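Chemist: What follows is a single structure, and I will ask about it in a moment.
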Amino acid sequence: MAILSVCFLIACSDPASDPVPPEQNGTENEEEVTPEKADAILETFSFASATKTTGTPPTAANTSLIRTATKDTIFTMPGIKDMIRISHPKEKPIKGIYFALEGSTYYYDITVDHEEKSDTVSIIIFEIDPNEIENEITSGSSSVPLEITAYDENNTPIDIIERILTIEKPSANECDILDHIWFWEWSVILNHEGEAVNINCSDERYINDFVYQDCCLGAAFCPKYDANQQPVYDVNLKISLFYSISSEWIQFYSDGLLERETREFESYISNPGDDAATFDPCEWKPETATRVEAVTYWGTHTYNPGSKSISYTITDDSCPPGEYGCGFGGSLSNAEVLFTCHQMMISRGTEQKSIRMFTRGEATEDMEGEILDSSKFWD
């Protein structure tokens, strides 16, 4: 099974001076939005494949068929590639969405950019022009009601989700990344044209379908060869396994140290038959089970409050002796960091850019609950 490498990010502030982020229930910062303002904000968005249509989007009943990976409020920053993840039943694929702000006189018809390997999560990638949005976020942020209407392969609307969209200008004056828990959300690699060529998200399942081929115990001639000189085995078993980065959190401390934990969820063959003298592939029926592996890392970082760059080095981990780097360890150097009180983005590269996004959480006694809560899809 292919092992995927994932790097991680950082974002917001010193607890003594950092303000507590607003409650993410989408009501505290909601503004009264005129059609003119809604249109002006919508105009700042760009998508990989979208059609601008005058009027209101086709209607759909709230069926709870689809969900988003963000509860109540979708926070985003101008000038970066961001994404909306939408879960759906495997038997009900999503072709696209209608994207409209409350009161806007037009909407976008957007084609799904990417379907995760599980075939149950669709991704829409967008970007907000930092220059065009400047007049709309003079106070540092703007919050508007958002409507996402998903439609199927027949262009029939199947569900609607309502959220508050909050656009926040990155600022080192209000928040900083130190001494906070940051939960990894997704990573993406962009080519020189700014197109996403690789996307990794929390809880995305990577499926490994393969055929196990072997010979019966004691077989005199195996494999045999056909007329085209291709090997023919006694056993051809189709096996499907999966792997997922279930979660990751990272914390940068003000004393220059860091702590990070990754949790990896995978299926495996639980009865491999290790004794070659007695193992008979022709009698073997593979059984699978699942496991979660948590690996903690410790290290140092170079970040200073207000900086736009960061490097960090992993110096130790919780892997058994002799298995250093059993999880997703790795150091990072000369990366750019942008953050608000809710998001942190770390990026590296020019011709091929790697971007990693985190959301800010809280260190509580129930960290298990915080981790599970950060990876849910919400109605």
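Any read-out appearing in this document is the output of simple, stated calculations on the displayed coordinates, not a laboratory observation. Computed from a prediction, not measured in an experiment: that's the story for all the values here. Here Cβ is always computed from backbone atoms with ideal geometry, including for glycine, and neighbour counts include all displayed protein chains.
Chemist: Using the Karplus equation 6.51 cos²θ - 1.76 cosθ + 1.60 (θ = phi - 60°), what ³J(HN,Hα) coupling, rounded to whole Hz, does each residue of region 50-60 give in order, writing x for Gly and Pro?
Modeler: Coupling constants for region 50-60: 8, 10, 8, 10, 6, x, 9, x, x, 7, 8 Hz.
Chemist: Picking from His88, Phe358, Ile177, whose Cα lies most toward the positive end of the charge dipole for the chain (charges on Cβ: Lys, Arg +1; Asp, Glu -1)?
Modeler: With unit charges placed on the Cβ atoms, the residue in question is His88.
Chemist: When averaged across all projection directions, what area in nm² does the alpha-carbon convex hull of region 35-169 cover?
Modeler: On the way: hull surface 30.3 nm².
Reported value for the Cα convex hull: 7.6 nm².
Chemist: From Cα pairs below 8 angstrom and at least 6 apart in sequence, can you work out the relative contact order of region 280-361, rounded to a whole percent?
Modeler: Taking the mean separation of contacting Cα pairs over the length of region 280-361, I get 19 percent.
Chemist: Provide the per-residue ³J(HN,Hα) series for region 262-267, in order, calculated from phi with Karplus coefficients 6.51, -1.76, 1.60 and θ = phi - 60°, each as a whole number of Hz, with x at glycine and proline positions.
Modeler: For region 262-267, the Karplus curve yields 10, 10, 10, 10, 8, 9 Hz.
Chemist: Hey, another quick one. Over the chain, what is the percentage of antiparallel beta bridges among all DSSP beta bridges, to the nearest 5?
Modeler: 95
Chemist: Applying a 10 Å radius around every beta-carbon, put 333-343, 242-252 in order of their mean neighbour count, most first.
Modeler: Per-residue mean Cβ counts within 10 Å order the peptides as 242-252, 333-343.
Chemist: Next up: Using the beta-carbon distance between Glu193 and Thr53 and R0 = 25 Å, what value does 1/(1 + (r/R0)^6) give for FRET efficiency, to the nearest 0.05?
Modeler: For R0 = 25 Å, the calculated efficiency reads 0.45.
Chemist: Considering the options Ala227, Gly55, Val121, tell which one lies farthest towards the positive end of the dipole of the chain, charges being +1 on Lys and Arg and -1 on Asp and Glu at the Cβ, about the Cα centre.
Modeler: Ala227
Chemist: Now a separate question. For region 243-322 and region 190-221, what is the separation of their Cα centres, given in Å?
Modeler: 19
Chemist: Which order, highest average first, do 176-185, 46-55 follow once you tally other Cβ atoms within 10 Å for each residue and take the mean per peptide?
Modeler: Values: 176-185: 23.6, 46-55: 13.2.
Top to bottom by mean Cβ count within 10 Å: 176-185, 46-55.
Chemist: Give Lys95/Lys376; Lys37/Lys92; Lys71/Lys238; Lys95/Lys285; Lys71/Lys285 a once-over and call out the pairs whose C-alpha atoms are over 32 Å from each other.
Modeler: Too far apart for the 32 Å limit: Lys37/Lys92; Lys71/Lys238; Lys95/Lys285; Lys71/Lys285.
Chemist: A further question on this structure: Under a 5 Å amide H to amide H cut-off, with H placed in plane at 1.01 Å, what residues pair with Thr105 once short-range neighbours are removed?
Modeler: Residues meeting the criterion, in which the H sits 1.01 Å from N, are Asp39.
Chemist: Among Phe377, Phe75, Phe279, which comes first, then next, by fewest other beta-carbon atoms within 10 Å? Display every interim value, and only then the final one.
Modeler: Numbers: Phe377 17, Phe75 21, Phe279 14.
Neighbour counts put them in this order, fewest first: Phe279, Phe377, Phe75.
Chemist: Now for a separate question. So for the chain, averaging the separation of alpha carbon pairs under 8 Å that are six or more residues apart and normalising by length, what relative contact order in percent results?
Modeler: Averaging sequence separation for qualifying contacts and normalising by length gives 21 percent for the chain.
Chemist: Which whole-number percentage describes the relative contact order of region 93-202, with Cα contacts under 8 Å and a sequence gap of 6 or more?
Modeler: Normalised by residue count, the contact order of region 93-202 is 21 percent.
Chemist: Given a Förster distance of 30 angstrom, what is the FRET efficiency for Ala227 paired with Asn271, based on the Cβ-Cβ distance and rounded to 0.05?
Modeler: Computed FRET efficiency for Ala227 and Asn271 comes out at 0.25.
Chemist: Do any GluC sites (Glu not before Pro) in region 26-97 lie in a loop, going by DSSP, with at most 16 other beta-carbon atoms within 10 Å of their beta carbon, and if so which? Working shown, then result.
Modeler: Numbers: sites: Glu28, Glu30, Glu31, Glu32, Glu36, Glu43, Glu91; in loops: Glu28, Glu30, Glu31, Glu32, Glu91.
Hits after loop and neighbour filter: Glu28, Glu30, Glu31, Glu32, Glu91.
Chemist: If we count other beta carbons within 10 Å of each Cβ, what is the order of Arg356, Arg263, fewest first?
Modeler: Numbers: Arg356 24, Arg263 19.
Going from least to most buried by this count: Arg263, Arg356.
Chemist: Let me ask another. For Ser331 and Ser171, FRET efficiency with R0 = 30 Å and r from the beta-carbon atoms, rounded to 0.05? Intermediate results must be reported in sequence, preceding the final value.
Modeler: Working: r = 28 Å, r/R0 = 0.92.
Plugging the Cβ-Cβ distance into 1/(1 + (r/R0)^6) gives 0.65.
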